[in-house]
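A quick write-up on the structure given underneath.
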Amino acid sequence: MEKNRQGAKASYVALAVFIAAWVMLPSAFRRFNREAFAEFQAPALQLLSKSRDLARYWELRSRSDEELISASRDLSRINAALELKLQSTDDIRRENARLREMLRYPSSSEYLTVVARVISRDTSSWWQRIIIRKGRNDGIRPGAPVVFGNHVIGRVSIVHQNVSEVDLITSPSFRCTAFLDGDVPPRIVHVGGMAGNSLSAPRAKITVIPNDYSPPAGEVTKVVTTGLGGVFPAGLIIGTIEGDVLPTPEARLKEATMVPSKVLDRIDEVSVLIPKYPTPGEILMSPTEFLKLEEFK
Amino acid sequence: MSVPSAPLNSWRVLVLAGIFLTGFVYVVLGLMYRQIFQSSDLVRDAENQSQRVVIRPPARGIIYDRNGQPLVENRVRWRVKADLMALQPEIRKEYLKLLSQSKQESYFDKPDYDKLQENARVNVLNRWLSKIWFVVDDNYQTNKARTNKVYPLRDNPERQVNMDSLRKHLRESRALKFILISDLAFPGSPASRTTEEGDRAIARFIEQFPSGGPITLESDMVRSYPNGSLAAHILGYVRDTDELPPNTEGSDDLSLASLQRLKYTGKKGAAGIEETMDPVLRGRSGWELWNKTSSGYNKELIRSSPAAQGTPVTLSLDINIQKAAEESLSNIRDSVGRPLPGAAVMMNVNTGEILAMASQPSFNPNRLADRVTNKYYDEVDANGGWLNRATQGLYAPGSTFKVITAIAGMRNHKVDWDDVLDCGPFYRVGNRNFPEHEPVGFGPVDVEKMLAISCNVWNYRVGLSVGPELLALEARRFGLDRPLLKNLNFTTNRPFTTEIPYPATRMVVPDPDYKSRIGGGAWNQGDTANTSIGQGFLLTTPLHMACFAASLSRGETRTTPTLFPYTGEKVVHEGTQPIGLNRQQLEAIRSGMYRCVEEGTAKSVKIPGLPYMAKTGTAEYFKTGVKAHLAWIIGYAPADRPVVAFAVLVEGQLDTSTWGGKTAGPVAQEMLKAWADIR
């Protein structure tokens, strides 16, 4: 009995010593440890993700010929419709490029697109962070916007060798500027994720809405990117306004809750938009790049 | 041994019992008094101790021009702030570095530790400012610019930390965050020059600048004048106030005044329409009744009444005509390129609505929306920018007054519309020759020609024959010495509040009584001659002369100007009466003013397709003891069916060549063109 008690005491002491040692360790060591753990964990996550893909593949292989013929027919129709759309999009793109050149406005095609599979959601914060199957080796850089179609998913926060972590738009660390439907001329509002527990529905908060703004009656109010911040291209859908746009207590500004796009529920694949040249903000976050600039030496 | 007990009916027992009973009754009655009679007071006191009222200022109302264009609005202001507490380790490190450098430079001299500390703070904050500009500035947004390495702070001293602000902050509000950039998106600030650039600066900061550090972006609402200094003298500006507008909604059963109050700072009008229409624009404050914790924090919201934005105000101004007036005024410059002081007014002749009222130099109310810095106040003051020259500037009307001399002459039968006077190169008054502005004289001149060419001798002769009293009477009939602008029926701090505060009240229409009153001695004929050409003691404002032109166009004597749009009610021009001329006489005056534009002193500012009437004037005045000229033009348009009247004044400087038609004429011309474009 006495021996058991002594053993328990010893383990508590060991735990306390370990915690104290961990707290006192240099932050570089802890960062290295975290990085090493992420790299160690990455192959397992990748294997899991690939296994899921393989299972999906064999599931599809088991479909009947009729099902495949029907799916193929549907795809042909969709393909024809998309071809038509593509043609008109080409015209619009050319016109857009011409106008941008006239205005000397930076081209949005200054992004490289990297498509990445979602391999995991960070279980410590279910809706706040996802892990994608592309990393430093694929040219992913921190701060790069992550989209699915024309919907914003979030921003790359940490990049590892082969995987990257993405802060979703509902993450408290996410922030961007947006325009609201029905605001003419459009004025900048602030979108930021809301802190919440992993069981609650994900939401973001829209603040700094001008007092005289009213959402269009009877319509879903879309929240879209401004394209002014140099990170997100303009016009991407961030989400929609949920409920009323209410005045702040001072009645000088308004605020609202934003629901992210439905695509966030079933996201398997995303596109990472990597700026061809690093933005000033990116340089600022990268000490080695930043210190190359003479004015900050 | 037993102790004998005292008998129960002993008097001592009875006294004691009585004392106890009295005490008991006193306590019971006291409790009853507290519970029954003082209950409501005590409950209120308890609530007062546990509750707090938070009063929040409302957003002020918007001010529009007559076409619904916003002249004053509320906008979001984005401020970049630095948490000096969080920066302390960085400042300490910088301080040690500076200390070490100082010791290396001179080992034996004792360093100035306070100065080193201040320099350390400034260096750290400037470094952060460099990073902010690096992120938000357009110059850094292309790869090429980034590789070229631009040095923002060194090139732009305005972007560096303001030492005075930092010292004041450390002295007065050390616990709060320090404002690094007071208005990131304000057009014209060091951060940005246009609204688009401002928007980009905000977006870049939010999306690119690292969050969670010592630098934060915060927003609030601020009064905004989207057109900068446009119509600044009319619109005015706002200042901080603790006197928030009342709100009694839902508080009938509450004694809000007796509760502890937490009030936010609001804004109140400090000048112009912002001041006079403050009761309308200020709106209604919001209040919240909170239960508070014992530590003083708000715990639970019991009830509230929201703030209500102030009512919008629409002015009679037309932004396009106002812009034309101000832009053309700003084009008139002295020999070193500074804009000459001046004023311009345009109004509707029938309704008295003021369509444009410009005064130069001016100020930018955006720079006063937060607080008036001594530097900016002194800068505007040194330029004379606080004075609204249109309503407060007192000037001799010069030859524009000749119209009144002509009317006085005809109404008093000293001259008629077709009388021709011989006008030589000068006119002898007493022992002095009063000159003509044309060295050889004009020869035979009638009323019409006099107005076209602005003949002086004709006016000397007519003025002297009319006499100073009747000449003054005629000028007073047109209200040249009467305060203008309507009185508003608001209860304000001042008993008398006109549409724009502080209009001129010291106009002068001189006569012999006036001269003796001011101790100027006896009136002489030279004084009459001077008055007849609009000089001497005469003083009036550009607004008065615009009203005179409007009255003349209708064949009446008075026009009541207003800054508010016509509402369809019957227009009453206070004190007006028919001009008192017959048809030929009035026609002669109008023809003379028409010829002034077509072939006379204003022919250089003729507008093809828009015939109009005008009279120019060039008055002498003394600026710091040396003679200079005032340039005037008044008139109305169109010639056949008048709609608008105008008056323009420009203060010439000692070294400028300033003439009515040449200097003031182009301003009137631009205003008329702008009006013609929108009519």
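Each reported figure results from applying straightforward, stated rules to the coordinates on display, with no laboratory input. Keep in mind the model is a prediction, meaning the values are calculated, not measured. FYI the Cβ positions are ideal-geometry reconstructions off the backbone, even for glycines, and counts take in every protein chain you see.
A few points about this structure:
- Estimated from helices alone, the mean residue ellipticity of chain A at 222 nm is -12500 deg cm²/dmol (sum of -39500 (n - 2.57) over DSSP H runs with n ≥ 4, per residue).
- Among B:His413, B:His629, a tally of other beta-carbon atoms within 10 Å of each Cβ gives an order, fewest to most, of B:His413, B:His629.
- Between segment A:146-218 and segment B:591-605, the Cα center-to-center distance that results, in Å: 65 Å
- Table column - 3J(HN,Hα) (Hz), segment B:440-449, Karplus curve with 6.51, -1.76, 1.60, x for Gly and Pro: 9, x, 10, x, x, 9, 9, 4, 4, 5
- Label-point separation in nm, A:Asp53 to B:Glu569, each point 7 Å along Cα→Cβ: 7.9 nm
- Anisotropy class of segment A:2-61 from Cα gyration tensor, a/c 1.5 cut: oblate
- For segment B:198-218 versus segment B:52-80, the gap between their alpha-carbon centres in whole angstrom: 24 Å
- Fewest neighbouring Cβ atoms within 10 Å first, the residues B:Met507, B:Met163 line up as B:Met163, B:Met507.
- Springs between Cα atoms under 10 Å define the GNM used for chain A, and in it the highest mean-square fluctuation of A:Ala42, A:Ala55, A:Ala20 occurs at A:Ala20.
- Applied to segment A:63-77, the Karplus parametrisation 6.51 cos²θ - 1.76 cosθ + 1.60 on θ = phi - 60° returns per-residue 3J(HN,Hα) values of 5, 6, 4, 4, 4, 5, 4, 4, 4, 5, 4, 4, 5, 4, 4 Hz, with x for Gly and Pro.
- Cα-Cα separations in the protein assembly as shown greater than 50 Å, expressed as whole percent: 46 percent
- Anisotropy class of segment B:319-678 from Cα gyration tensor, a/c 1.5 cut: rounded
- Scanning chain B for chymotrypsin sites (Phe, Trp or Tyr not before Pro) that sit in a DSSP loop and have at most 14 other Cβ atoms within 10 Å, the longest stretch containing none of them is B:298-489.
- Residues B:Thr314, B:Thr497, A:Thr225 arranged by fewest to most Cβ contacts within 10 Å: B:Thr314, B:Thr497, A:Thr225
- Selection among A:Ile78, A:Met102, A:Ser88 by position relative to the dipole of segment A:66-105 gives A:Met102 as farthest towards the positive end (Cβ unit charges, Cα centre).
- Angle between chain B longest axis and helix B:583-598 axis [Cα atoms, degrees, rounded to 10]: 80 degrees
- Taking the charge dipole of chain B about its Cα centre, with +1 at Lys and Arg Cβ atoms and -1 at Asp and Glu Cβ atoms, the residue from B:Asn374, B:Met410, B:Gly441 reaching farthest to the positive side is B:Asn374.
- Mean residue ellipticity at 222 nm, helices only, chain B: -10500 deg cm²/dmol; runs of at least 4 DSSP H residues each add -39,500 (n - 2.57), and the sum is divided by the number of residues.
- Cubic angstrom per residue, convex hull over Cα atoms of chain B: 339 Å³
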